[in-house]
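Peer 1: Structure below; questions to follow.
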Amino acid sequence: MTLRAMIDGVPGRTILHVDLDAFFAAVEQRDRPELRGRPVIVGGGPNDRGVVSTASYEARRFGVHSAMPLRTAGRLCPDGVFLPVDGRKYQAASRQVMAILRRFTPAVEQVSIDEAFLDVTGSEALFGDGPAIARRIKSAIQDETGLTASVGVATSKLVAKVASDLRKPDGLVVVEPGGEPGFLAPLSISRLWGVGEQTGRILGELGVRTIGELASIPAEVLVRRLGRHGAELRERALGIDREPVSGGEPAKSVSHEHTFDVDTADQEEIERTLLALSEGVSSRLRTAGIRAGTVGVKVRDATFRTVTRQRTLAEPTDLTEPIWRTALELARPETRGIRVRLLGVAATNLVDREQLGLFPEEDPRRRRAVQAADELRRRFGERAVTRARLLRRPLPEPFERDPRSAVEGRRGVRGVGQAAETGEKERATAGSDGRGSPVEGVDEPPAGEAPEPVDGDESEPEPERDPEP
Ligand code: DCP
Ligand code: MG
């Protein structure tokens, strides 16, 4: 047990972060051997409007990178092979990789189409220590999918993620317990979560470039300049991050979450984020051919107090509007007057679309419009279709990074209860700060209406599992 773990009173964790290398481009190179060793740019043609989704490492040598205009990439790398995005193919590869990861632990939290956190603390007796599990995962991915992954092994999500990114491609970086501050010290502050443009500028004014320099600034100076965010950043600079790896339950829900860079009390920003989250959830439901009977929200405030609320709908849906409307009604009383750290929207009580003959079909024109939008997304990527309200400011990060995680194959069928509202409050564990372990079920649900957990469940379905009775 590390010293810090003893102080915190929780045993040290072993967390892996797995991220595929040049994912979309690597899938193309795998499927077309003549492209191996060549600069491959995925996103469209060199004269198209739009941006690069990703570039193979050969193309990166020319300075091409994700989010760069395709025309710039065309100038930098005129001999590159430019390919359109084939979302379906990447989604299939992603599902295959996530299934491999779940062989090593049920605690797999997929955070984008090509990356996941794993908590393997309980798996070590079975598969060996963290580095051994990382090696096994890398070779299983290579053997079974023909792709390479980079893996970071550490005691927290934050440090594991920084580690996986450090020796790409095909990297394996292990940070020993206790070695976190020294590992992070020489790295740029831009590698830390929560260092955006504004924070980076303020830290620059303080002469801070590296994570080590950040850690050496007295906490009160950081708090004076950056508020409580400053204190958090300093903790992160020391490698302290208590975020649990969520996941591990079979997929009973489809949920999206967003952690704000800076806690917010801005209702407009909160509502816009709920819209983006609802959009993500509904799109995944439609891809999977299922509808949600119940919508839930999760609100975590600046002190880590977490509240979840859920409501069963009069009629199951897979459309953004009713999910968003319900999420707004549930979240409004919980977000009033507080600074919000994290928001989540979850769809539970999932039912097959085909089984819903008993419900009147909604306006067929509306459904056709939604289907057309989904088709555009499939063909041109998530950002091809985005509501005007979302465009006023950049989308929350998960939607930039994880447009395509879907729940195909999921057939969790539950009875659809009558309209009922259930509330559930909990206090989340927040490590050593004495707030204790989760307290659940403050409000008893009505008899016969067992609510599904609303808690974060980004896990993909396991097709090999039987549907729920
Ligand atoms: N992606 C995208 N647009 C972005 C960033 C990423 O469409 N702005 C897509 C294409 C990537 C995939 O998501 O292949 C995974 O994103 P990563 O950031 O993990 O990038 P890569 O896997 O391509 O490269 P790396 O080896 O750096 O992880
Ligand atoms: Mg990647």
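Peer 1: Ranked by Cβ crowding within 10 angstrom, fewest neighbours first, how are LEU192, LEU83, LEU233 ordered? Mind dumping the intermediate values first?
Peer 2: Numbers: LEU192 21, LEU83 18, LEU233 26.
Going from least to most buried by this count: LEU83, LEU192, LEU233.
Peer 1: Using +1 at the Cβ of each Lys and Arg and -1 at the Cβ of each Asp and Glu in region 23-88, identify which of GLY87, GLY50, ALA25 lies farthest towards the dipole's positive end.
Peer 2: GLY50
Peer 1: Could you work out the relative contact order of region 23-88? I mean the mean sequence separation of Cα pairs under 8 Å and 6+ apart, divided by the number of residues, in percent.
Peer 2: Once normalised by length, the contact order is 35 percent.
Peer 1: List the pairs from LYS138/LYS161; LYS89/LYS138; LYS161/LYS252; LYS89/LYS252 whose alpha-carbon separation is above 23 Å, in the order I gave them. Write down the numbers at each step before the final one.
Peer 2: Details: LYS138/LYS161 16 Å; LYS89/LYS138 21 Å; LYS161/LYS252 27 Å; LYS89/LYS252 25 Å.
Those over the limit are LYS161/LYS252; LYS89/LYS252.
Peer 1: In terms of the Cα gyration tensor, with a ≥ b ≥ c the square roots of its eigenvalues, is region 1-143 rounded because a/c is under 1.5, prolate because a/b exceeds b/c, or oblate?
Peer 2: Note, shape of region 1-143 comes out prolate.
Peer 1: So how far apart, in nm, are the two label points at GLU321 and HIS65 if each is 7 Å from Cα heading toward Cβ?
Peer 2: If labels sit at GLU321 and HIS65, their model points lie 4.1 nm apart.
Peer 1: Separate question: Run down the lysines and flag those whose C-alpha is under 18 Å from the C-alpha of LYS157, throwing out any fewer than 8 positions away in its chain.
Peer 2: In chain and number order, the partners are LYS168.
Peer 1: Right, here's the next one. Measure off 7 Å from each Cα along the Cα-to-Cβ vector at VAL262 and SER188, then give the distance between these two points in nanometres to one decimal.
Peer 2: 2.2
Peer 1: Please give, to one decimal in nm, the separation of the simple spin-label points placed at ARG201 and ALA369, each 7 Å out from Cα toward the Cβ.
Peer 2: So the two model labels end up 3.8 nm from each other.
All of the numbers you see were taken from the coordinates with simple rules; none came from a lab. Here the structure is a predicted model, which means the values were calculated and not measured. Backbone-built Cβ (ideal geometry, glycine too); neighbour counts: all protein chains shown.
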